[in-house]
Amino acid sequence: MSEKYQLKKRVSVVVPLPLAKKYDYSVPQDQNIPQPGTFVRVPFSGQKVIGIVWDEENTESENCKNICPESKLKDIETIYDFPPLSKQNRDLITWTSNYTYNPIGSVAKMAFSVEDVFLKQEETYGYIRGNEDEIPKNFKWTEARQKVFINSDSNPLNMSELARKAGVSSAVVKGMVEAGVLKKQILKSVKFENPISDFKNVDLSEEQKKCADELCNDIGKGFSVTVLNGVTGSGKTEVYFEAIAKALREHKQVLIMLPEISLTGQWLRRFKERFGVMPAQWHSDLSMMVKRETWKSIINNEVQVVAGARSALFLPYNNLGLIIVDEEHDASYKQEDMVLYQARDIAVVRAKISNIPIILASATPSLETMVNVQNKKYKELILSSRFGQAQMPKINLIDMRRFPPIKYGENKNMSFISPILIDQMKETLSNNEQILLFLNRRGYAPLVLCRKCGFRFQCKNCSSWLVEHRYKNGTQLVCHHCGYHIDKPCACPECNSEDSFSACGPGVERIMEEINFLFPDARKLSISTDLNATASTMSNLMKQIYDHEVDIIVGTQILTKGHHFPDLTLVGVIDADLGLLGGDLRAGERTYQMLDQVSGRAGREKKLGQVFLQTYNPDVPVMQALQNSDKNLFYETEITDRKALSYPPFGKLASILISSPKDLLAQKFAVDIKNVFPKKVGTRLLGPSAAQMAYLRNLYRYRLLLQTKKDINLQALLHEWLDNVKVPSGVQLRVDVDPYSFG
Ligand code: ADP
Ligand code: ZN
Ligand code: ZN
């Protein structure tokens, strides 16, 4: 090349958009070449976006065709004076993008989800609800306004954040501000204090100490995975706190991942008791300002401990020394929207990249994890008994075929509780102890039908039945998938008969009705996710239970995780079979984990706990394993079944979901991509077939399932198959590697 042409200095940049490519930009003449990981602002198809410098040269552009011609090259607009994103963090993004078949831009976006870190305009106030007695008398309450009101009780948020949290438009929030229902509040900036490793010393039991020593030993010794497998109430938290203390003494950052719901209340209080200060937190219920400050402090190494939900995995740590995944089996670690990934699995990869230990804690580890223990890939530490005087609760099965509920009351079909459980409840109440009745189903009844003509209420946007909810101001039929709802009519829309509706099956509201009939004098509380409760309302309710201000609690899964109530001694599960119905490959596992967890709420202190599971299938392995407290029985049968079918972890799976508002378009595209599948030995492509939810939020949905042997490179196969497929407009294609949901 002639000397006259001075080539521009160029770098390749990842932009936070769903794009698989990196893009070349030139470095302005007067600037040094920014090092990889540097945050920059670049022009991108008419917009300005924040991107990350990935490589000094675009390695992909060795292939001459892909080189961006010098004349089209655009200059980087701003190079931010910020610590660059470390190589470890970038490697994690690359790995995740490859493994999950998500474009690198989408994954990178999660790593700097707080774009306004880079924009200087920082708001100084947010909105929070005022006193109820100050609300103008003539203020008109709509459903949307109520949602905003419920969601405005914790952190001050700006208008658009509050609107997003409540799921309404900003105009609704604006109207409430103008009416004086929401008040301005100056934002306090967050301060991160350093946890004190030896703030409180805890006496560990012999068994706990052995586990804690092993965990501490691994710190600073490179990559290792340890499963902390301990029964509910065995003190897993206390044990891994010791490992955190050790990491703190060595001035390392610690990441603790928790299911979102556990980040409220008890866990944080315990952390503060042990280490003197709160950890930095990361979850969806934070204001943008808190997120921004937290993100900055982490990349600047000013935060030592982060407790967060799955997205905390992609924060810009520079000095990570230990990762803990609590309740590692929890289904909420699998993100199902935007970028699909399993945070527990990626946490293990993060530990590997950083060459540090990771602890997976659970009372019922996932099957994948147990198989890794069997194969000696993971180390296992066992806590076999509850701490102190507490004993494991006794688990009893009630065979509902032999002890069905007795029909009583005006409405003869309102009973769902077996006489055996009712007797136990009476006894528990007479001992002045508490009862938890568990049913993982919101609302009053899951299905409403007309007894005359058989008509069933169905959602107009989805292929699902409407669920009856009885509110103070009337009965509604609600879709649990999309929120569509109608007032329950008086007459059947099909045959016009009046009073012909029959509510089929129970939801928590209906169980409450039965309890009100059976135990009119007991103090009762119902807790379910449709309370739309925020962190602070939730922790108030939990405190009421803790302080024994209620006798009977009826609740959905929201209650099962990690809570500790001293006087709760009886747990009744209304429909233990419910989770087995779905029939997907993890139905048995999920049911086992959920029932073990809810059972674990009983008798956590001196008083012995009892659990009663109402079931029509007392002989299936899940129920037998629970009754006999025999974890191994459960894992062994489950492993045998999965092996026989070559299901994960003994084979690989990817689900390909095709959706479109036009049924034929979706169907045709599904067949088209099936036809171009590169068939290979050891692979099998099932479908397309209509998804279980064949119609969801106005979209028709079809599924293909790719199943391969374990030694096949699934990712390479997906790339070969799908990279060059043109997705027609109006159609969406979504790849889910290691799918959990088949709905
Ligand atoms: P898990 O997470 O295994 O269900 P937790 O860590 O929540 O168990 O412990 C159960 C209860 O026992 C908690 O109230 C905890 O504070 C208490 N506990 C566990 N170990 C100890 C200990 N060594 N000293 C004092 N209290 C303990
Ligand atoms: Zn009818
Ligand atoms: Zn719907």
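The values are calculated or read from the model by the stated rules, or taken from the named source; none is laboratory data. These figures come from a predicted structure and were not determined experimentally. Here the Cβ positions follow ideal geometry from the backbone for every residue, glycine too, while neighbour counts run over all protein chains shown. What goes into the accessible areas is simple: the full protein's heavy atoms, side chains included, and nothing from ligands, DNA or RNA. Shrake-Rupley method; radii C 1.70, N 1.55, O 1.52, S 1.80 Å.
Computed values, structure above
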{"quantity": "Whether segment 249-346 is rounded, prolate or oblate, judged on the alpha carbon gyration tensor where a/c under 1.5 counts as rounded", "calculated": "rounded"}
{"quantity": "Neighbour cut-off at most 15 other Cβ (10 Å), DSSP loop, trypsin sites (Lys or Arg not before Pro), segment 453-534", "calculated": "460, 472, 523"}
{"quantity": "Values of log10 I(q)/I(0), in the order q = 0.05, 0.07 Å⁻¹, for the chain under a Debye, Cα-only, solvent-free model", "calculated": "-0.28, -0.57"}
{"quantity": "For segment 688-704, Karplus couplings with θ = phi - 60° (6.51, -1.76, 1.60), whole Hz, Gly/Pro x", "calculated": "x, 9, 4, 5, 3, 8, 5, 9, 9, 6, 6, 10, 7, 10, 10, 10, 10"}
{"quantity": "Distance between modelled label sites at residue 724 and residue 694, nm, 7 Å Cα→Cβ extension", "calculated": "3.5 nm"}
{"quantity": "Kirkwood-based shape ratio for segment 537-635, expressed as Rg/Rh from alpha carbons", "calculated": "0.99"}
{"quantity": "Amide H contacts under 5 Å for residue 694, placed H, 5+ residues apart", "calculated": "463"}
{"quantity": "Per residue solvent-accessible surface (Å²) - the chain, probe of 1.4 Å", "calculated": "46 Å²"}
{"quantity": "In nm, spacing of pseudo-spin labels at residue 301 and residue 498 (7 Å Cα→C-beta vector)", "calculated": "7.8 nm"}
{"quantity": "Two-site FRET efficiency, residue 81 against residue 201, from Cβ-Cβ distance with R₀ of 35 Å, rounded to 0.05", "calculated": "0.20"}
{"quantity": "Length-normalised contact order for the chain - Cα pairs under 8 Å, 6+ apart - percent", "calculated": "11 percent"}
{"quantity": "Computed magnitude of the charge dipole of the chain (debye, nearest 20; Cβ of K, R +1, Cβ of D, E -1)", "calculated": "1300 debye"}
{"quantity": "Centre separation in Å (Cα based) which lies between segment 7-47 and segment 309-356", "calculated": "28 Å"}
{"quantity": "Segment 450-493: relative contact order as a whole-number percent, Cα under 8 Å and 6+ apart", "calculated": "29 percent"}
{"quantity": "Net +/- balance of residues flanking residue 502 in space, Cβ distance below 11 Å, scoring K and R +1, D and E -1", "calculated": "+1"}
{"quantity": "In order through segment 97-110: 3J(HN,Hα) via Karplus (6.51 cos²θ - 1.76 cosθ + 1.60), integer Hz, x for Gly, Pro", "calculated": "4, 4, 5, 8, 6, 10, x, 4, x, 5, 5, 4, 4, 5"}
{"quantity": "The chain: calculated mean residue ellipticity at 222 nm from DSSP helix runs of at least 4, using -39500 (n - 2.57)", "calculated": "-8500 deg cm²/dmol"}
{"quantity": "Degrees separating the helix 206-218 axis from the principal Cα axis of the chain, which is the longest one", "calculated": "10 degrees"}
{"quantity": "Dimensionless Rg over Rh [segment 665-743; C-alpha; Kirkwood]", "calculated": "0.95"}
{"quantity": "Label zone at residue 384 (point 7 Å along Cα-to-Cβ), backbone N below 18 Å, segment 174-212", "calculated": "205-212"}
{"quantity": "Karplus 3J(HN,Hα) series, Hz, for segment 320-334 with 6.51 cos²θ - 1.76 cosθ + 1.60 (x for Gly, Pro)", "calculated": "5, x, 7, 10, 10, 10, 8, 6, 4, 7, 5, 5, 6, 6, 8"}
{"quantity": "Förster radius 35 Å - calculated FRET efficiency between residue 630 and residue 401, Cβ distance, rounded to 0.05", "calculated": "0.90"}
{"quantity": "Whole-number percent relative contact order across segment 427-522, with pairs defined as alpha carbons under 8 Å at least 6 apart", "calculated": "31 percent"}
{"quantity": "Modelled FRET efficiency - R0 60 Å, residue 183 with residue 31, Cβ distances, 0.05 increments", "calculated": "0.85"}
{"quantity": "Under-5 Å amide H pairs with residue 341, H placed in peptide plane, nonlocal only", "calculated": "335"}
{"quantity": "Given 210/643; 221/606; 674/709; 184/296; 252/379; 334/631, the pairs whose alpha carbons are separated by over 29 Å", "calculated": "210/643; 221/606"}
{"quantity": "Cross-link table 209/236; 87/352; 165/272; 165/291, entries beyond 20 Å C-alpha to C-alpha", "calculated": "165/272"}
{"quantity": "Summed residue charge, Cβ within 12 Å of residue 182's Cβ, Lys/Arg positive, Asp/Glu negative", "calculated": "+2"}
{"quantity": "In Å², nearest 10: area of residue 697 left accessible to a 1.4 Å probe", "calculated": "130 Å²"}
{"quantity": "At q = 0.20, 0.25, 0.35 Å⁻¹, base-10 log of I(q)/I(0) for segment 420-459 (Debye sum, equal scatterers on each alpha carbon)", "calculated": "-0.72, -0.87, -1.11"}
{"quantity": "Carbon/sulfur fraction of accessible area - the chain, other protein chains in place, 1.4 Å, %", "calculated": "50 percent"}
{"quantity": "Difference of contour (0.36 nm per residue) and Cα-Cα distance, residue 391 to residue 194", "calculated": "67.3 nm"}
{"quantity": "When the convex hull of its Cα atoms is projected in every direction, mean area for segment 189-258 (nm²)", "calculated": "6.0 nm²"}
{"quantity": "Segment residue 427-residue 91, extension gain: residue separation times 0.36 nm, minus the distance between their alpha carbons", "calculated": "115.1 nm"}
{"quantity": "Among 478-484, 141-147, the order from most to least packed when residues are scored by Cβ within 10 Å on average", "calculated": "478-484, 141-147"}
{"quantity": "Sequence-distant residues sharing a close amide H with residue 527 (under 5 Å, placed H)", "calculated": "554, 555, 556"}
{"quantity": "Counting DSSP beta bridges with both ends in the chain, the antiparallel % (nearest 5)", "calculated": "55 percent"}
{"quantity": "Sum of side-chain charges, residue 389 neighbourhood, beta-carbon under 13 Å (Lys, Arg +1; Asp, Glu -1)", "calculated": "+3"}
{"quantity": "Simple label model, 7 Å out from Cα along Cβ direction - residue 452 to residue 544, nm", "calculated": "4.1 nm"}
{"quantity": "Segment 362-414 and segment 453-509: distance between their alpha carbon centers, rounded to Å", "calculated": "33 Å"}
